[in-house]
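> Handing you this structure, nothing more for now.
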Amino acid sequence: MATDAMPRFPDGFLWGVSTSAHQIEGAAALRGPSVWDAFTAEPGRVRDGSTAAVACDHYHRYREDVALLADLGVDAYRFSVSWPRVGSPGGLDFYDRLVDELCAAGVRPVPTLFHWDLPAGLDWLERDTAARFAQYVSAVAGRLGDRVGKWITLNEPAEHTLLGHALGIHAPGRELLFDALPAAHHQLLAHGLAVRALRAEGATDIGIANSHGPTWPASNAPADREAADFYDLLLNRLFADPLLTGRYPEGVGELMPGDVAADLEVIAEPLDWYGVNYYAPTRVGAPQGAEIEFGGVTLPAELPFSVREIEGRPRTDFGWPVVPEGLTELLTGFRERYAGRLPPVVITENGCSYEGLDDQDRIAYLDGHVRALHRAVEAGVDVRGYFVWSLLDNFEWAEGYARRFGLVHVDFETLARTPKASYGWFRELLAEQRRAPVG
Ligand code: IFM
């Protein structure tokens, strides 16, 4: 790990941590069912057979968690609002209490309105889900908008489409491959309608959290480059292009349902900022005609690309390579590609899974990525914030509780919280950033 002083970020830079409702709240009996409840009930879907019924029990322990946030010294807390909870009697009361507690602790609430826990019975393959989402968003904004300034519409529609609808690794467990594309379109439409609904409620600081990473071709061979380009389209351009340019990448619009031209006008509603979740780049080559085990995921043989290992890098416990400079590459690449159209960027997630309380590997990962982010700032990218994934160890979807991303350890037997070494490191970083520069 580098030991020289962390460079200073611009004044007003927003430091925070992120979580999501389904991964931490628990109290499943006090909300309606989501697609994740049905999915985790199916044997074999979650690696350790666990469910999120209790998770970190944040629903009952949110005061303790807000105290941890205050002690950490973050400016902001990104959490998600559970649509199935809001649909249940009294469901919004919980977020009212949470937002009050955050405001009292001097931590800005930054809610994400959809982080994968779709109410059971709804389906992103249905266009109507987008309109239903906008109604729910209006209700949440109407209730919390007097205290919440900054909003996030969706979390990672790319992953939700790919893992949930194309490959069947996440809820709702569909294996539609390219027939999953309507789920992407309807989420993007839902985003645009939500931006309008939020603005109608007076909101002025709206973004989205999209997962992005550089795609590295496995070699210079044309077949590898072509495959990598296609992967890049699916992960990056399919979601960023319509939002930032009002167009789908060439050839994609034809595959989408409905009046795509009219929908694109909604999807491209101007954003106040653009959220990027970054974990690692992906190395991609031509298809190899066989299933691939990659980062805990089995990719089918019929995909028109194959994902290859990035050699010579440290790996997280999840097997993901640690490549901080990928973040600089991603952001400088975005600035070029979307020149004049990219609003200020916020890193809405960045983090890693490692075991142990003395998590020096996590410190090294975060330190490297924050420095890489600063290099992007130096290169002229307008970056306004950085959120660590995650405050707490939590329910890591199909991996259950086996992957620990938290700055705070959670004992899933006793639910006791114990700050890790990385929590102390991040607290010191924030204090350091706030100290007046010498001289
Ligand atoms: O835990 C997830 C989160 O829900 C979405 N982004 C990636 C994280 C780590 O896999």
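What follows is calculated from the coordinates using simple rules that are stated; it is not laboratory data. This is a predicted model, so every value here is computed, not measured. Heads up, the Cβs are rebuilt from the backbone with ideal geometry, glycines too, and the neighbour counts pull from every protein chain shown.
> For the range 258-363, what class follows from the C-alpha gyration tensor (a ≥ b ≥ c being the square roots of its eigenvalues): rounded when a/c is under 1.5, otherwise prolate if a/b is larger than b/c, else oblate? Write down the numbers at each step before the final one.
Details: a/c = 2.19, a/b = 1.29, b/c = 1.70.
The shape class here is oblate.
> Using +1 at the Cβ of each Lys and Arg and -1 at the Cβ of each Asp and Glu in the chain, identify which of Tyr279, Ala339, Ala28 lies farthest towards the dipole's positive end.
In the chain, that residue is Ala339.
> Here is a follow-up. Sort Arg85, Arg225 so that the residue with the fewest other Cβ atoms within 10 Å of its own Cβ comes first and the one with the most comes last. Working shown, then result.
Details: Arg85 25, Arg225 16.
Least crowded to most crowded, the residues run Arg225, Arg85.
> For a Förster distance of 41 Å, can you work out the FRET efficiency between the beta-carbons of Asp93 and Leu430, rounded to the nearest 0.05?
Values: r = 31 Å, r/R0 = 0.76.
Computed FRET efficiency for Asp93 and Leu430: 0.85.
> At Asp48 and Tyr338, where each label point lies 7 Å from the Cα along Cα→Cβ, what is the point-to-point distance in nanometres?
In this crude spin-label approximation the distance works out to 3.5 nm.
> While we're looking at this one, here's another question. Just subtract the alpha-carbon distance of Arg313 and Arg63 from 0.36 nm times their residue separation and send over the number in nm, one decimal.
Values: separation 250, 0.36 × 250 = 90.00 nm, distance 3.91 nm.
Full extension from Arg313 to Arg63 adds 86.1 nm.
> Could I ask something else about it? Mean-square fluctuation check for the chain, GNM, Cα pairs under 10 Å: which of Gly168, Gly275, Gly356 is largest?
Largest GNM mean-square fluctuation: Gly356.
> Taking the alpha-carbon centroid of each part, what is the distance from the range 208-247 to the range 98-153 in angstrom?
When both Cα centres are located, 28 Å separates them.
> Still on this structure, please answer the following. Starting from 0.36 nm per residue, how many nanometres of slack lie between Phe294 and Glu265 once their C-alpha separation is accounted for? Mind showing how you got there, number by number?
Working: separation 29, 0.36 × 29 = 10.44 nm, distance 3.64 nm.
Separation in residues times 0.36 nm, less the Cα-Cα distance, equals 6.8 nm.
> For the chain, what is the calculated [θ] at 222 nm in deg cm²/dmol (nearest 500), taking -39500 (n - 2.57) for each run of four or more DSSP H residues and dividing by its residue count? Before the final figure, lay out the partial values.
Values: 13 runs with 154 residues, N = 439.
The helix contribution divided over the chain gives -11000 deg cm²/dmol.
> While we're on this one: Taking the Cβ-Cβ separation of Ser219 and Ala104 as r and a Förster radius of 45 Å, what is the calculated FRET efficiency to the nearest 0.05? Numbers along the way, then the final one.
Values: r = 56 Å, r/R0 = 1.24.
Once the sixth-power term is evaluated, E becomes 0.20.
> Another question, if that's okay. Picking from Gly121, Gly368, Gly164, which is most flexible by a Gaussian network model of the chain using Cα springs under 10 Å?
Gly121
> Among all stretches of the chain without exposed GluC sites (Glu not before Pro) (DSSP loop, at most 14 other Cβ atoms within 10 Å), which one is longest?
Values: sites that count: Glu126, Glu175, Glu250, Glu291, Glu302, Glu309, Glu311, Glu355, Glu413.
So the longest stretch without any such site is 1-125.
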